[in-house]
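Notes to accompany the following structure.
The values are calculated or read from the model by the stated rules, or taken from the named source; none is laboratory data. These numbers come from a predicted model, not from an experiment. Please note: Cβ atoms are built from the backbone with ideal geometry, for glycine as well, and neighbour counts cover all protein chains shown.
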Amino acid sequence: MFAVLKTGGKQYKVQSGDMLRVEKLAADAGETVQFNEVLMLGGDAPVIGAPLVDGAAVQAEVVDQVKGDKVIHFVKRRRKHGSQRTKGHRQQLTLLRVTEILAKGGDKSGVKAAIGAGSAGAVAATETKAPAKKAAPKKAEAPKGAAGGDDLKKLSGVGPALEKKLHENGVTSFAQIAAWTEADVADMDEKLSFKGRIEREGWIAQAQELTKG
């Protein structure tokens, strides 16, 4: 039997015993995690999910936390006060060994769900709602006194419609954009279908300058 699972925005076809590298998970080496987003089960009687296969799951043992191959990013802004930069990035990954594919009963297995490292904080906030509410005032401080947040339309290529989309995704200040990591940029690219616009327009560099001002 094989399964097609989804994690970190990607799909993987796996069988029991396979070694797999996925986007970094919030788990330590030796732990067993479970992927509950199974899109398909293959075998004598294939099952295709709509979109997920009900009750199906894939369990795997965390072998190690590793890094992917180095990727070089080159960004150039062709403007009067243009800039260019080159930097390398190695994606953090989790190495897994698939141990079992469950056709049903995954929701009752009791095995820890596989959660991306970037989502771990969000899950912790959901489990302890009171601390999450206390953190809210910090977002109000970022706009430096502006009750509605910074004017994101000052960024290249950002108009009223795009600013509204950013607000809907919790982005209201230049300080937030200036602090984005490669993972944050990739996540926002996927959510809003930016197709590389953030790096192409140099939003992070602009936000850093606007924050200083």
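Details
- Considering residues of region 74-100 that are touching a helix residue (DSSP H, G or I) at 6+ places or on another chain (Cβ under 7 Å) and under 13 Å from Ala205 (Cβ atoms) only, the residue surrounded by the fewest Cβ atoms within 10 Å (Cβ to Cβ): Ser83
- Neighbours by Cβ (under 6 Å, 6+ apart or cross-chain): first from region 98-111, assigned by TED's automatic domain parsing to the domain that holds Glu31; second modelled with pLDDT of 90 or more and β-branched (Val, Ile, Thr): Val98/Val14; Ile101/Val58; Val111/Thr32
- So Ala103, is it at pLDDT 90 or above, loosely packed, with under 13 Cβ neighbours inside 10 Å and more than 30 Å from Gly157 (Cβ to Cβ): no
- Enumeration of residues in region 1-52 that are assigned to a loop (DSSP other than H, G, I, E, B) and of a type in the set (Asp, Glu): Asp18, Asp28, Glu31, Glu37, Asp44
- Within region 190-213, the residues that satisfy the criterion of being polar (S, T, N, Q) and within 17 Å of Asp150 (Cα to Cα) are Gln206, Gln208, Thr211.
- The set of residues in region 53-66 that are over 20 Å from the mean Cα position of the chain (by Cα) and either loosely packed, with under 14 Cβ neighbours inside 10 Å or not in a strand (DSSP E or B) (or both) comprises Val53, Asp54, Gly55, Ala56.
- With respect to the stated conditions, Gly157 is under 24 Å from the mean Cα position of the chain (by Cα), in a loop (DSSP other than H, G, I, E, B) and modelled with pLDDT of 55 or more.
- Residue ID - nearest to Thr181 (Cα to Cα), chosen from residues in region 67-92 that are of a type in the set (Gly, Ala, Ser) and in a loop (DSSP other than H, G, I, E, B): Ser83
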